[in-house]
Amino acid sequence: MRKKFVGIALWPFLLLKDSALKTDAVFMNHERIHLRQQTELLVVFFYVWYGIEYLIRLLRYRNHSTAYRNISFEREAYAKEQDISFLNDRSFWNFLQFL
C-alpha cells in the first residue's frame, strides 16, 4: 500500500509527485481507472460520492487508511490496477461491484 501521496487523478489531469511515475504501468493504470470513474459520474458527483463514502467508512473503521482503502472507487482501482487491459472491457459503473 502506498503510504504517502505520489499522484492523484483530478479529471482530466494526472498530477504526479515524480515524473518517473509515468513509466509505472500499474500506477498509471490505477489512476486512469479513477479518471474513468470520474467521467462516468460527471466529475463533480464522483467527488461528492467519494467524500461521503470516505466519511461513512471513517465512522465505521475509525482509521484513515482503512477507510480510504475501503472506498468503492479505491477498491476497484487497487483490485484491477495490475490488469493493464482492464479499461478496454470495463463495464459502466463497474465500481458498484465494490460497494
#### Entry: Of all residues making up segment 7-63, the number that are of a type in the set (S, T, N, Q) and part of a loop (DSSP other than H, G, I, E, B)
1
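Sort out which residues of segment 75-86 are in contact with a helix residue (DSSP H, G or I) (Cβ under 6 Å, 6 or more places away or on another chain) and either crowded, with 16+ Cβ neighbours inside 10 Å or not polar (S, T, N, Q) (or both), and write them in order of number.
75, 76, 77, 80, 81, 84, 86 - these are the residues of segment 75-86 that are in contact with a helix residue (DSSP H, G or I) (Cβ under 6 Å, 6 or more places away or on another chain) and either crowded, with 16+ Cβ neighbours inside 10 Å or not polar (S, T, N, Q) (or both).
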### Summary
Scanning segment 50-74 for residues that are free of Cβ contacts under 8 Å to residues at least 12 places away in the same chain and surrounded by 14 or more Cβ atoms within 10 Å (Cβ to Cβ), the one nearest to the chain's Cα centre (by Cα) turns out to be 74
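Read the figures in this text as sums done on the coordinates, not as results from a lab. The structure displayed is predicted, hence computed values, not measured ones. Ideal geometry is used to build each Cβ from the backbone, glycine not excepted, and the neighbour counts take in all protein chains shown.
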